[in-house]
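Participant: Dumping the structure here so I can ask a few things about it.
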Amino acid sequence: MTNGGDLPWEITELIFSHLALNALRNVSLASRSFRAETRKYMYQSLTITINVTRDVILHFLKTSERPDKVHAQQRLAFFKSEPISDYVRACTVDYVTKDIEFDSVIDDFCAHLPNFPRLTELSFRRVSIDERRAENISRCHSLQSLSFTYCHAPSAIPSNLRHTLSTHSLFLSRDDDTPNLPPQQWLSLINLDNLTRLQLETQSSALDALEELTSFGATSLKSIALSGDKSVMRSELLPVALGKCPHLSKLKVLTAFRGVTLVPLPESLSLSAFDGPQDMLKSVVETQKRLRRVRLNGTRWGGTCDRFDIQQQLHDLQACAPDLEAMQLRAFPTQALCTSITHLFLKLRSLSFELPLQTQREEPMYALTYEPFFEALLSMTLPGDLQNLVILFMIASNPTEGQKIIETLTNKYCSLKHLYLHFPDDYWMVWIESPPRTDTCEGKQGFQRGFLTTGYLNVRYDWF
């Protein structure tokens, strides 16, 4: 039997990187070498939460002490110490309850940000970013992701701070319930030469950012996600702002209400991916002729595609994007829908169905389409060259049926390389084709030409 000390260190590190925090703590007690190695995984994330609870107030009234503030200061001091500061990858400050007593803690936190050499993710929630804090953030040169949720930007941005915050991904969310708040000029702080992904979660944050983009654009921006609010989708700022982003390739529209339409997009835009409501697909394909990937949801029953309209819209999509490579639909895989996809998109390589959850029936698909779910999957028609198939939220099925589905489809379609089934509670069944020309799969067909993994897995894929 092999013990931990006999494993190659690279394998041990890979195992550590997938363990949860409590498991890492237990592993660190096994030996000194394990303790030294697990530290860089245990202290990757620093979170400071300011929340003045009833117990905190009562304790202060009795003792004039603030244990929550002392704890935050001690936690920050520990993460600032060597070598812990070298392990930090992500930092979050969440100002749940406004308390000026903690301003000094946040100032100290921001001042030390440049001393986290491997910091890649930084998030603020309900924090006012003044000039001094912004200057400290600008000294973080390794950021991959930066997030401001319900935060306040400096009211007047001096010239020495303009476009100095460097990050590849920016998330902005402004409180729509505070209408009198002046426009937040976050993009004026960001170095737009490095920004490739922008997510604007709320109506206000979207309109503020679009107005800024109309002024100076973002030449490196490749992906933008927008609030689906009507005032954003119909704004005159939208086509002008998107037209100032020459390398934009992906547009994502967040949850929208039924009937909300999209303003015509500029013809100069060349999108390769669209993610949003099916109602907006017609507006997108009017000008976008090079789409390769689409993810469509709906506005009915919590985001379900209308099964009567979607087939006609797929015809419109095929006329403008005949070379579509990937498609994800929030719809049931009915025989009519699968047949339409197969006949219309001959070059489709990846297909996913996100099953609707709008009914409490034991058999949701049968209740709404009169087609039994299990039998529909066993007999589903797929494009001949399809390589990747994903079925999400299989609430009316079980792993026994899942294995039968995988065996049937992998035998029927030899082009399949990945077949992923997702059940409740994040239980996955993952079938992956073995690499070609190996002794283990030579001459094997169907299900046997790959391997099956099941369990509560962290499954990732980027086909859509």
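Participant: Can you check what the Kirkwood hydrodynamic radius comes to for segment 91-150, Cα pairs only, in Å to one decimal?
Facilitator: Taking every pair of different Cα atoms in segment 91-150, averaging 1/r and inverting gives 11.8 Å.
Participant: For the chain, which whole-number percentage of the solvent-accessible area (1.4 Å probe, protein heavy atoms only) is attributable to carbon and sulfur atoms? Present the calculation step by step, with values, prior to reporting the outcome.
Facilitator: Working: 11480 of 23280 Å².
Solvent-exposed carbon and sulfur of the chain make up 49 percent of the total.
Participant: Sticking with this one: Where only protein heavy atoms count, and the probe is 1.4 Å, what is the accessible area per residue for the chain in Å²?
Facilitator: Details: 23280 Å² over 464 residues.
Accessible area per residue: 50 Å².
Participant: Within the chain, which is the longest segment that contains none of the GluC sites (Glu not before Pro) sitting in a DSSP loop with at most 13 other Cβ atoms within 10 Å?
Facilitator: Answer from the scan: 66-235.
Participant: Moving on to the next point. Once you have the Kirkwood Rh of segment 152-197 from its Cα pairs, apply Stokes-Einstein at 4 °C and 1.567 mPa s and quote D in µm²/s.
Facilitator: After rounding, the answer is 111 µm²/s.
Participant: Enumerate the lysines that residue 289 could reach by cross-link, defined here as Cα to Cα under 21 Å, with residues fewer than 8 away along the same chain left out.
Facilitator: Cross-link targets: 222, 244, 250, 252, 347.
Participant: When the helices in the chain are scored as -39500 (n - 2.57) per DSSP H run of 4 or longer and the sum is shared across all residues, what 222 nm value do you end up with, to the nearest 500 deg cm²/dmol?
Facilitator: Value at 222 nm, helices only: -9000 deg cm²/dmol.
Participant: Check the straight Cα-Cα distances from residue 404 and name the aspartates and glutamates below 16 Å, setting aside those fewer than 8 residues away within the same chain.
Facilitator: The reachable aspartates and glutamates, counting only those whose Cα sits under 16 Å from residue 404, are 375.
Participant: How many percent of all Cα-Cα pairs in the chain sit more than 44 Å apart?
Facilitator: 25 percent
Participant: Quick check: the distance between the Cα centres of segment 348-415 and segment 308-329, to the nearest angstrom?
Facilitator: 19 Å
Participant: Tell me, what is the 1.4 Å probe accessible area of residue 41, in Å² to the nearest 10?
Facilitator: 50 Å²
Participant: State the dimensionless ratio Rg/Rh of segment 376-440 (Rg: radius of gyration of Cα atoms; Rh: Kirkwood radius).
Facilitator: For segment 376-440, the value is 0.98.
The values are calculated or read from the model by the stated rules, or taken from the named source; none is laboratory data. The shown structure was predicted, so the numbers you read here are calculated from the model rather than taken from an experiment. Reconstructed Cβ throughout: ideal geometry from the backbone, glycine too, with neighbour counts over all protein chains shown. For the accessible areas, the whole protein counts, side chains as well, though only heavy atoms, and no ligand, DNA or RNA atoms are used. Shrake-Rupley method; radii C 1.70, N 1.55, O 1.52, S 1.80 Å.
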